[in-house]
Amino acid sequence: MRRLFPSPTQSAPSGTVPPEGTADVVGCSPPNGYRGWMEDREWTLDELAEAYAYPEPAEAAHTEAAHGWLRANMVSSVDGAAHHEGRSQPLSSDADMRIFGVLRGLADAVVVGAETVRKEGYRPAKAREAFAARRAAAGQGPAPAIAVVTASLDLDFSLPLFTRPLVPTVVLTGAAADEDRVRAARAAGAEVVFVGEGATVDPARVTGALAGRGYTRLLTEGGPRLLGQFAAAGALDELCLSLAPLVAAGDAPRIMNAPGLAVPERFRLASVLEDDGFLFTRYCRP
């Protein structure tokens with residue numbers, strides 16, 4: 001793996017301040033040390049964790065979601081497919097999964113849509129020894145909570161995601177959700193949180209509801225419909241997009257599959273890593 005952007009013109013000692021203009025994206029600034037960034041090698045988990053560190057609360061205060069920082073992590077083929085035959089794994093790679101694990105290791109909660117839970121066979125997040133000290137220092141639990149966004153609550157509450165998580169799974173739904181399904185979720189051990197006045201979920205309220213429970217470092221893994229809803233609500237702060245050197249064709253959706261924005265929202269490029277033809281990009285709201 002090597003860094004393509006920001007790209008120093010020459011190696012500098014660790015601790016050197018990045019060149020002017022490369023660290024002006026709040027919450028998306030690259031770490032200070034440039035040593036080894038251009039070397040094509042396997043990065044350590046600590047290096048990746050520093051590269052993808054969440055902003056400090058004071059740095060995130062400029063956003064509309066000052067109560068939490070919502071980062072998305074998605075993979076796409078070069079022709080725009082968000083998955084192949086219903087799953088994202090065929091578009092992934094070892095480096096992509098390594099970054100996937102790091103992003104989870106840094107998050108307080110992973111926000112995901114119910115359809116993705118069903119298709120991808122979601123399980124509870126695991127505690128990883130490599131992140132234990134970092135999480136403890138940040139006041140985090142042993143693993144991120146999984147927060148499932150669902151209007152219908154059409155989920156199998158007998159699955160380990162609900163019955164055997166290290167941290168109770170959160171179910172985000174509307175206040176008018178079916179009462180029997182709400183009781184079933186709670187009976188399985190899930191925490192049900194209402195984030196909409198009717199039967200649907202208001203994506204603009206998700207980050208605030210989770211922040212109220214101490215989850216401010218948020219990661220969403222989609223799917224495309226949920227991610228599009230977050231973007232339309234102005235709730236998305238950061239997009240980590242893995243671009244796979246693969247062509248999928250077919251009719252798979254894009255990484256965001258929702259009604260178009262009235263005015264396209266501009267994001268700023270924060271960093272680009274490359275490994276075996278895969279590009280790992282980060283974009284942040286200015």
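The values are calculated or read from the model by the stated rules, or taken from the named source; none is laboratory data. All of these numbers come straight from a predicted model, not from anything done at the bench. Cβ placement follows ideal geometry from the backbone for every residue including glycine, while neighbour counts extend to all protein chains displayed. The protein model used for the area step is the full one, side chains on, heavy atoms only, and it has no ligands, DNA or RNA in it. Shrake-Rupley method; radii C 1.70, N 1.55, O 1.52, S 1.80 Å.
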* **Residues of the chain: accessible area per residue with a 1.4 Å probe, Å²** => 47
* Structure fact -> Toy charge model, Lys and Arg Cβ at +1, Asp and Glu Cβ at -1: the chain dipole around Cα centroid in debye, rounded to 20, equals 460
* Kindly write out, for the range 189-198 in residue order, the coupling ³J(HN,Hα) from the Karplus curve 6.51 cos²θ - 1.76 cosθ + 1.60 (θ = phi - 60°), rounded to whole Hz, with x marking Gly and Pro. => x, 7, 9, 8, 10, 8, 10, x, 6, x
* Ranking by accessible area, most exposed first, for 282, 134 with a 1.4 Å probe -> 134, 282
* **Whole-percent carbon and sulfur share, accessible surface of the chain, 1.4 Å** => 52
* Structure fact -> Farthest towards the positive end of the dipole of the chain, among 187, 233, 121 and with Cβ unit charges of +1 on Lys and Arg and -1 on Asp and Glu, lies the Cα of 187
* Asked: Add -39500 (n - 2.57) for each DSSP H run of 4 or more in the chain, then divide by its residues: what number comes out at 222 nm, to the nearest 500 deg cm²/dmol?
  -> -6000 deg cm²/dmol
* Relative contact order computed over the range 159-199 (Cα-Cα under 8 Å; 6+ residues apart), in percent -> 49
* Virtual spin-label span in nm between residue 241 and residue 263, 7 Å along Cα→Cβ -> 2.1
* Asked: Quick one: Karplus J couplings for the range 279-286, per residue in order, coefficients 6.51, -1.76, 1.60, θ = phi - 60°, nearest Hz, x for Gly and Pro?
  -> 10, 10, 9, 10, 10, 10, 5, x
* Asked: Using alpha-carbon pairs under 8 Å, 6+ residues apart, how would you state the relative contact order of the chain in percent?
  -> 25
* Arrange the peptides 262-274, 150-162 so that the one whose residues have, on average, the most other Cβ atoms within 10 Å appears first. => 150-162, 262-274
